[in-house]
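Since the structure comes first, as structure tokens, the remarks are kept for the end.
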Amino acid sequence: MDSRHRGHSTRTRPKQARKSRPDPTPNERGNSLIAPLTGIANRLTYIRATAVTVELALRAQNGDQDVDIAACMRAGVCDALDDQFTRLKAIIESLGGSLAMPSE
């Protein structure tokens, strides 16, 4: 053996495995989604309330086309928002959260 290598060991320590966070469980992933989804649901509720206000204002004006426009607002905006809110509520509940249904 060569004397140059005696004083210095070439053996290295075994590398330690990196400590990584374990993958989140489905429940943890769901919990992290509840807050943003609830925020979206609340925003949809406010948008719907604005659309209902416009619909009611148009009906109160009682102009030639206002009632027709109000009916379009109800069918195309208010009812569509209700449907989306209901679907979003079901998703939130499936993740373990809860959300109240908007009232008119």
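Every number here is computed from the coordinates shown, using simple stated rules; none is lab data. All values reported here derive from a predicted model rather than from experimental measurement. Here Cβ is always computed from backbone atoms with ideal geometry, including for glycine, and neighbour counts include all displayed protein chains.
Structural remarks
- Placing +1 on the Cβ of every Lys and Arg and -1 on the Cβ of every Asp and Glu, with no other charges, gives the range 26-94 a dipole of roughly 300 debye about its Cα centre.
- Translational diffusion coefficient (Stokes-Einstein; Kirkwood radius from C-alpha pairs) of the range 26-94 at 20 °C, 1.002 mPa s, in µm²/s: 160
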